[in-house]
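Working notes, structure below.
The values are calculated or read from the model by the stated rules, or taken from the named source; none is laboratory data. The model shown is predicted, which means the values in this text are computed figures rather than measured ones. Every residue, glycine among them, receives a Cβ derived from its backbone with ideal geometry; neighbour counts consider all protein chains shown. What goes into the accessible areas is simple: the full protein's heavy atoms, side chains included, and nothing from ligands, DNA or RNA. Shrake-Rupley method; radii C 1.70, N 1.55, O 1.52, S 1.80 Å.
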Amino acid sequence: MDELDGIAREIEFYDKYASKLRQQIEAAQRELARITRLKQQRLAELARLKKARKVVAV
């Protein structure tokens, strides 16, 4: 194996690694979006319950 083969293999490794990282980033972005939606739902529920509590307290 000469130097050119070594460099070619290294480039191939970097391509595969970059692809793997992109997949992980995409998965993390989907999870972040899911968690953000859940948080918004819980915040809306909390606000609704606080409002209902005020109405009952009056």
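Residue check: is residue 48 surrounded by 10 or more Cβ atoms within 10 Å (Cβ to Cβ) and more than 25 Å from the chain's Cα centre (by Cα)?
Yes.
For the stretch 1-31, residues that are open to solvent by 100 Å² or more (accessible area, probe 1.4 Å) and not charged (D, E, K, R) total 8.
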